[in-house]
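All remarks here apply to the structure that follows.
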2 protein chains.
Amino acid sequence: MKQTQEGITVKKQENFSEWYSQVIQKAELADYSKVSGCIVFRPSSYYIWETVQKQMNEEFRKLGVRNAYFPLLIPETLLKKEAEHIKGFSPEVAWVTQAGDTKLNEKLAIRPTSETIMYYHYKKWIRSWKDLPLKLNQFNNIIRWEFQHPIPFLRTREFLWQEGHNAFATEKEVHKDTLTILDIYEKILKELYAIPALKGKKSEKEKFAGAVYTLSLETLLPNGKSIQCCTSHNLGQNFSKAFDITYLNKDEKKQYVWQNSWGFSTRTIGILVAMHGDDRGLIIPPKLAEIQVVIIPIIFDDTKKDVLKKANEVKKLLKNYNIYLDAREDYSAGWKFNEYELKGIPIRIEIGPKDIKKNQVILVRRDTLKKGIVKIKDLNKNIEKTLNDIHNNLYNKAKKFLGDSIVKVNNMNDMKKVINSGKIAKINWCLGVKCEELIKERTDGGKSLNISLTEKAQGKCFICNNTANGVAYFAKSY
Amino acid sequence: MKQTQEGITVKKQENFSEWYSQVIQKAELADYSKVSGCIVFRPSSYYIWETVQKQMNEEFRKLGVRNAYFPLLIPETLLKKEAEHIKGFSPEVAWVTQAGDTKLNEKLAIRPTSETIMYYHYKKWIRSWKDLPLKLNQFNNIIRWEFQHPIPFLRTREFLWQEGHNAFATEKEVHKDTLTILDIYEKILKELYAIPALKGKKSEKEKFAGAVYTLSLETLLPNGKSIQCCTSHNLGQNFSKAFDITYLNKDEKKQYVWQNSWGFSTRTIGILVAMHGDDRGLIIPPKLAEIQVVIIPIIFDDTKKDVLKKANEVKKLLKNYNIYLDAREDYSAGWKFNEYELKGIPIRIEIGPKDIKKNQVILVRRDTLKKGIVKIKDLNKNIEKTLNDIHNNLYNKAKKFLGDSIVKVNNMNDMKKVINSGKIAKINWCLGVKCEELIKERTDGGKSLNISLTEKAQGKCFICNNTANGVAYFAKSY
């Protein structure tokens, strides 16, 4: 009988990247594949993505968004139609040039995003104001052949995402919708992932290639690197002009449509792992856990029958949760404790011979590792409360960490110190590209995350001494 | 006000391929894309696929199958590991050779199926009998660059599917499981698509490249061409030997695993369209209909308010169905009737001023186009029954057509006649490849569909005069 389970061998605080790599592999979330930068989503991580999809589908449906599927491959001529767009994406496009033994006449891009292939059809489908708004979403796979060091989930050459593409009759509608989408993303990150984020607008330098503006949610990982969680782009009429997408309004006048696009990817799974995990391994927020409660019977030969019977009763009692009874006898209870801690299962219930006499169980929370005795009659209520507590605890911890990491600065020296200590510098900024480039240079790579949507700028930009036009966050970033 | 809606302009019987092309476009199921052979799945067809996915997930979960996601790209060396497999697929592989401006060191195949990329990992994950069975499924996109004339859904270079890959400790288990999967496919085709099919084993010539044997479901489309609906392959130890996937059994002895793989694709959407549609357009089987019942109020200025009120009441009453009230006033009722017939919505309810006085509605079935009056108090029960009736009617019609199209033959002349009249020839066959090739030649392209799993062969193969080993079906085929 295998009595030990190899856990995580490094501390999160001491060697974050090794810790992260061990967690995603040992908790069986992902595996490195034979293609550098591409990973296998094992069932535990794919379950998370499926759960997020379900929730997103519900939210999007309320907005009248329908799901569709557009081709994986985009002809080069189509990809090149919007000038800024192709400039932004061409360095990382994977090209299909051959089929069987035949060289193709035109190279085909594997979609790095689907604006160009979708809008070719939008032009055909949109004729009249009656056809608007058109709101489509697709869940699909994306290839962006980055040459930076890949990290599972956080930076992979292939990833899964949803990309939504809405077209409207008016500028006002598209502006409002772009914000609405960001609110939905924020809700999903908070309520499912237990992840807080800074909401704002990307700088001109960092916005999506082809957008008028890009909104984003950004958060800070425990290793002091910030990361973009998702984006919502107002494309204005940039693409409708490039693709000639027009409609006849009620006065029979031809107008270009107003568009946005918005994406949320499996990168968020990596954010979840990095944010919540600890030295024992993964911690999955309860709403994304395929197993929310694992029951482990403590088995001795003489009491085995009774313990298993009670364990099954408890399983039935908790049928409204994602419950798993691990009654395997070729693994010891101790091995199982380690296994489910490593895998981040929110609650463990232990049931032994002493417990069944007292009609109780031992309940262990994964986040705090606190152990308690719970009477079986109180169990259902207790589980509900504990799952909520775990979610809130994870969220609040991450929120406190994010809040504590933001430091207001007003000179380059402090900015450099803050950014290089793994924190986020908050500044009043002119929003100019030149200052942004100077910051990057002077802080050894600090990048703008986004610009607050609500806070008003005060005074001057300390870099150029011109009027400050926004309150922005800068940090080292993925 | 646009008062007419352009319907299907050709008869299904007279020009099937033009009819099919019009239906998929005008009913807004799909659109031809800029990449030849690749289509857009518009929301109406993608909804069908999402519904099928849900049902499949339920069925697969009962078998202990979990969903995962493996990389899109497969290195050439990996794809080549199983000799028969690469021989079968290499002519239609799309190759990525370039990323950005950089030529790749090794060509990467876009998955034509995922055995090779998955089993590289199975080797790592499977160590002991405790790791078996391993059952994984993925829903993903596939590219097979066929050079034949593409047809939306039925033959496309990119398609969506699920591919399941199970590994077992014993030959007995894999054999049983391969059959179980075929039963699930049969159930889904019958209960969701209303499609009957012939269940059997593919010939040696037609089996999957790398399989020991392939099971399939085959049906006949109204244009007299048969089509493979889905397949379940017993791979034996062919891949476990090529990929060195072994486990230690309870006696600590190393054994190769036994594997199967099984796939069901969006081709089935095309089968549904071709099978059930009529001269007015699409007919969607009720269980796959995003709108099962459409309510169309008959609006006149003086009674508008009352009619809309009643229409909304009816909508509420039928909330357990996928119900849509089309109250748009910029389209006439007549236009809407045509629109929803074209789109194949199973039931139409008309509510006019006369009806509200009598507490009744007009109900029109899409399959038979029969019109009836239903009292509102009986409506819920009537809808339930009518949706069932429609499903059964579609299935029974298709089943009768399939049954009527099968003709037993025992000489090449009759076989040629049957096959060239768009029917299925049923023969006692030696199962030899030589006879199969001879049939193809002599019948202008007749192919074996599959070999019955239940019927016993009688007498001799009329081609070679050797003992018949199976009862097989031959036809012209996609």
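Filtered by the rule that a residue be assigned to a helix (DSSP H, G or I) and either farther than 27 Å from A:Leu29 by Cα or not acidic (Asp, Glu) (or both), region A:365-384 gives A:Ile376, A:Lys377, A:Asp378, A:Leu379, A:Asn380, A:Lys381, A:Asn382, A:Ile383. When A:Ile349, A:Ile362, A:Ile345 are checked against the criterion of being of a type in the set (Val, Ile, Thr), modelled with pLDDT of 95 or more and in contact with a Leu (Cβ under 8 Å, 6 or more places away or on another chain), a single residue qualifies: A:Ile349. Note on region A:464-478: residues that are more than 10 Å from A:Ile427 (Cα to Cα), touching a strand residue (DSSP E or B) at 6+ places or on another chain (Cβ under 9 Å) and part of a loop (DSSP other than H, G, I, E, B) total 4. Restricting B:Asn322, B:Asn312, B:Asn260 to those that are more than 16 Å from the chain's Cα centre (by Cα), at pLDDT 95 or above and within 28 Å of B:Lys202 (Cβ to Cβ) reduces the list to B:Asn260.
Taking the numbered list (1) surrounded by fewer than 16 Cβ atoms within 10 Å (Cβ to Cβ); (2) in contact with a Gly (Cβ under 8 Å, 6 or more places away or on another chain); (3) within 8 Å of chain A (Cβ to nearest Cβ) in turn, B:Val93 passes all entries but (1).
On the given criteria, is A:Leu379 under 30 Å from A:Ile283 (Cα atoms), in contact with a Pro (Cβ under 6 Å, 6 or more places away or on another chain) and surrounded by 14 or more Cβ atoms within 10 Å (Cβ to Cβ)? So A:Leu379 fails the test.
Elements of the type helices (runs of 4 or more DSSP H) sitting completely within region A:266-364 and holding at least 1 residues that are surrounded by fewer than 19 Cβ atoms within 10 Å (Cβ to Cβ): these cover A:304-317, A:333-342, A:353-357. The set of residues in region A:434-453 being closer than 16 Å to A:Gly470 by Cβ and more than 23 Å from the chain's Cα centre (by Cα) consists of A:Lys434, A:Cys435, A:Glu436, A:Ile439.
The rows are residues; the columns are (1) surrounded by 15 or more Cβ atoms within 10 Å (Cβ to Cβ); (2) among the aliphatic types (A, V, I, L, M); (3) in contact with a helix residue (DSSP H, G or I) (Cβ under 8 Å, 6 or more places away or on another chain).
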site	(1), (2), (3)
B:Val407	yes, yes, yes
B:Asn413	no, no, no
B:Ile419	yes, yes, no
B:Leu431	yes, yes, no
B:Ile439	yes, yes, yes
B:Thr467	no, no, no
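Does A:Arg66 meet the test of being surrounded by 15 or more Cβ atoms within 10 Å (Cβ to Cβ), more than 18 Å from the chain's Cα centre (by Cα), basic (Lys, Arg) and modelled with pLDDT of 95 or more? For A:Arg66, the condition - surrounded by 15 or more Cβ atoms within 10 Å (Cβ to Cβ), more than 18 Å from the chain's Cα centre (by Cα), basic (Lys, Arg) and modelled with pLDDT of 95 or more - is met.
In region B:20-44, how many residues are aliphatic (A, V, I, L, M), assigned to a loop (DSSP other than H, G, I, E, B) and either within 12 Å of another protein chain (Cβ to nearest Cβ) or more than 30 Å from B:Lys343 (Cβ to Cβ) (or both)? Number of matching residues: 2.
Select from region B:45-54 the residues that are over 28 Å from B:Val93 (Cβ atoms) and within 9 Å of chain A (Cβ to nearest Cβ) and write down the one among them that is surrounded by the most Cβ atoms within 10 Å (Cβ to Cβ). Only one residue fits best here, namely B:Tyr47.
For B:Asn249, the conditions (1) surrounded by 17 or more Cβ atoms within 10 Å (Cβ to Cβ); (2) touching a residue at least 24 places away in the same chain (Cβ under 8 Å) all hold with the exception of (1).
Conditions (1) within 21 Å of the chain's Cα centre (by Cα); (2) under 30 Å from A:Lys250 (Cα atoms); (3) not basic (Lys, Arg), marked per residue:
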residue: B:Glu6; (1), (2), (3): no, yes, yes
residue: B:Gln22; (1), (2), (3): yes, yes, yes
residue: B:Glu28; (1), (2), (3): yes, yes, yes
residue: B:Met56; (1), (2), (3): yes, no, yes
residue: B:Phe70; (1), (2), (3): no, no, yes
residue: B:Pro75; (1), (2), (3): no, no, yes
residue: B:Lys80; (1), (2), (3): no, no, no
residue: B:Leu104; (1), (2), (3): no, no, yes
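Of all positions in region A:92-99, at least one carries a residue that is in contact with a Lys or Arg (Cβ under 6 Å, 6 or more places away or on another chain) and of a type in the set (D, E, K, R).
In region B:59-85, how many residues are part of a helix (DSSP H, G or I) and at the interface with chain A (Cβ under 7 Å from one of its Cβ atoms)? Residues meeting the conditions: 1. Checked against the criterion of being of a type in the set (Asp, Glu) and more than 24 Å from A:Ile86 (Cα to Cα), the candidates A:Asp244, A:Asp302 yield just one match: A:Asp302. I need the strands (runs of 3 or more DSSP E) fully contained in region B:101-218, keeping only those with at least 1 residues that are within 14 Å of chain A (Cβ to nearest Cβ) and in contact with a strand residue (DSSP E or B) (Cβ under 6 Å, 6 or more places away or on another chain). Passing ranges, in order: B:102-110, B:134-143, B:158-168.
The values are calculated or read from the model by the stated rules, or taken from the named source; none is laboratory data. Given the structure is predicted, the values throughout are model-derived calculations rather than measurements. Positions of Cβ are backbone-derived with ideal geometry, glycine not excepted, and every protein chain shown enters the neighbour counts.
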